[in-house]
1. Taking residue 472 and the conditions (1) within 29 Å of residue 238 (Cβ to Cβ); (2) touching a residue at least 40 places away in the same chain (Cβ under 8 Å); (3) touching a strand residue (DSSP E or B) at 6+ places or on another chain (Cβ under 9 Å), which numbered condition does it fall short on, given that it satisfies the others?
2. Considering only residues that are surrounded by 20 or more Cβ atoms within 10 Å (Cβ to Cβ) and over 12 Å from residue 136 (Cβ atoms), which ones fall in the range 180-206?
3. For residues that are crowded, with 21+ Cβ neighbours inside 10 Å and touching a strand residue (DSSP E or B) at 6+ places or on another chain (Cβ under 7 Å), scanning just the range 301-349, find the one that is nearest to residue 496 (Cα to Cα).
4. Given the criterion farther than 19 Å from residue 424 by Cβ and in contact (Cβ under 8 Å) with a residue 40 or more places away in the chain, identify the matching residue among 369, 332.
5. What about residue 135, is it modelled with pLDDT of 95 or more and closer than 24 Å to residue 214 by Cα?
6. When residues of the range 393-408 are filtered for being crowded, with 17+ Cβ neighbours inside 10 Å and not in a helix (DSSP H, G or I), how many remain?
7. From 448, 444, 427, which residue is over 26 Å from residue 234 (Cβ atoms), assigned to a helix (DSSP H, G or I) and out of contact with any helix residue (DSSP H, G or I) (no Cβ under 6 Å at 6 or more places or on another chain)?
8. So, restricting to helices (runs of 4 or more DSSP H) that lie completely within the range 163-270, which ones have at least 3 residues that are touching a helix residue (DSSP H, G or I) at 6+ places or on another chain (Cβ under 7 Å)?
C-alpha cells in the first residue's frame with residue numbers, strides 16, 4: 001500500500017487528502033478554515049502562522065484516522081494560492097501578514113514596473129504583464145510604505161512553501177509558483193537577473209527553485225511529533241494551485257486543457273514549449289510537469305456572475321428550487337435549456353468585477369443587452385450562461401489564434417461541470433470535446449500525484465496522472481451549434497469594443 005498526502009493551502013482554508021495510489025481513491029480528508037483580513041478597502045492579508053497551524057492540525061487528524069496505516073504514507077505534496085508574499089527574517093520568523101493574490105493596493109507599482117521596462121521588456125524578462133496580483137509589485141509597495149519590513153526580510157516564500165518550511169525546516173519553491181512572482185523567468189526556469197537588477201531586489205531573499213515533484217525535504221522530528229506522521233516522510237515542492245489542479249485532471253500532455261468554473265473562471269492549456277502570447281493577455285507559466293509549460297486565461301466573474309444572477313434576479317427560481325428540494329442553479333439551467341441558441345437576441349457581458357483575460361480592464365462592467373417585449377426569463381438565463389461561456393472561450397481563442405496552440409480536449413471542473421446542459425453548451429461554444437474525470441478533489445489531488453512522482457511511486461507526473469485520473473464522459477461539439485455560437489460570440493466581442501469607453505463613464509457615476 002502506498003498512501004500519498006496532498007495539502008492545498010487555499011485562501012478560505014486548507015484541505016488535506018490521502019490518496020491510495022493502488023486503488024486510485026481518496027481514503028481520508030481533513031480541512032481547516034482560517035480568517036482573511038481586509039485592513040483597508042482593496043487590501044487582503046492572512047497570517048502565515050494560520051497556514052502552518054492548519055496544516056499541522058489537519059495532518060494530525062489524518063494520522064489519527066489512518067491509525068496503523070500511517071506507516072504506509074510515502075510522501076506529502078503541496079499546493080496553494082499563488083502570488084501571496086510570505087516574508088521571513090534572518091531567524092526565519094514571519095515579518096508581517098502575507099499580502100494576498102487578491103489584494104489590489106499595488107496599481108501604482110504595476111504602472112511603474114511597466115513604465116520602467118515596457119511591455120516588450122516584461123515579455124522578454126518574465127513573459128507576463130505587471131498585475132496587482134503578482135508578487136513583485138507587493139515588494140515594491142512594502143519598500144515604499146513599510147521600509148522597515150523590507151529591511152528585515154531575508155526570505156520570500158509562497159504560502160505552500162511556508163507550510164513546506166514548517167514541515168521540513170527547508171526553504172524552497174517550485175517553478176510553477178515562482179512563475180507567478182514576476183521575478184522569475186519561466187523560459188529560463190530561473191530567477192530573472194533583469195528584474196532583480198532593474199528593481200534592486202536582493203537575490204538572496206529568493207528561495208532555491210526546483211521542479212514540482214522534486215524533493216523539498218523530509219518531515220522533521222518536530223513536525224512528526226506535531227502531526228503523528230512518521231519522521232522522514234518525503235515532502236515534495238508541489239505546485240501552484242492551478243498547475244496542481246491541472247495535474248489532478250490529467251492535463252499533463254500537449255493538446256489537453258482545463259476549464260474551471262468557480263467564482264472566477266480559469267482556462268489552462270498544457271504546452272510542451274514556452275510560449276508568450278504577443279500582447280501578454282494570457283499568463284505564461286512553468287507547469288508542474290517537469291520541462292513543460294502552460295498558458296492560462298482568467299475571467300474574474302464566472303460562477304460569481306451566475307451567483308449574482310441567482311441572488312439578484314431569480315427569486316422565483318429560488319422559491320421553486322426550495323419547493324422541489326433541488327439546487328436553484330439546476331432550475332436556472334433547466335430553464336435556460338428551453339431557450340434558443342443566442343437567447344432570443346439577448347447578450348450578457350459578465351464583467352461584474354472588471355475583467356482580466358482578454359481585456360485587462362478594471363473598468364469593464366456587466367451588461368444585459370438586447371431585451372425586447374418578447375424576451376423571456378429563459379432567454380435571460382440562457383444569455384447569462386452563454387456570456388460566461390463566451391468569456392472562457394475568449395481565452396481559448398487567444399491560445400489557438402495568437403499562441404498557435406492546438407486544443408484536442410478540455411477537461412471540466414467546478415460548478416459548470418455539474419450541469420449536463422452547461423457541459424453541452426461549453427462543448428459547442430468551445431468547438432472542442434469536453435470531458436469529465438474521476439478526479440473531483442482539485443489541486444490537493446494534483447499535489448498527491450506530485451508527491452507520488454517525487455517519492456518514486458510513479459515514474460513521472462504523467463504516469464501518476466494516467467494511473468489516478470480517468471475520463472468518465474466526453475461530450476463532442478455539434479458542428480451546426482458551434483457555427484451558430486460563433487456568430488453570437490462575435491456580437492458579444494463587438495459589444496465590449498463598443499462599450500468599453502462608456503464603462504469608464506459609468507464607473508465615474510458609482
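1. Unmet for residue 472, out of (1) within 29 Å of residue 238 (Cβ to Cβ); (2) touching a residue at least 40 places away in the same chain (Cβ under 8 Å); (3) touching a strand residue (DSSP E or B) at 6+ places or on another chain (Cβ under 9 Å): (2).
2. Hits for the range 180-206 are 185, 186.
3. 349
4. 369
5. It is true that residue 135 is modelled with pLDDT of 95 or more and closer than 24 Å to residue 214 by Cα.
6. Looking only at that region, the number is 4.
7. 427
8. Filter on the range 163-270 gives 193-198, 221-227, 241-248.
The values are calculated or read from the model by the stated rules, or taken from the named source; none is laboratory data. Since the model is a prediction, treat every value here as computed from it, not as a measurement. Cβ atoms come from the backbone with ideal geometry, glycine included; neighbour counts cover every protein chain shown.
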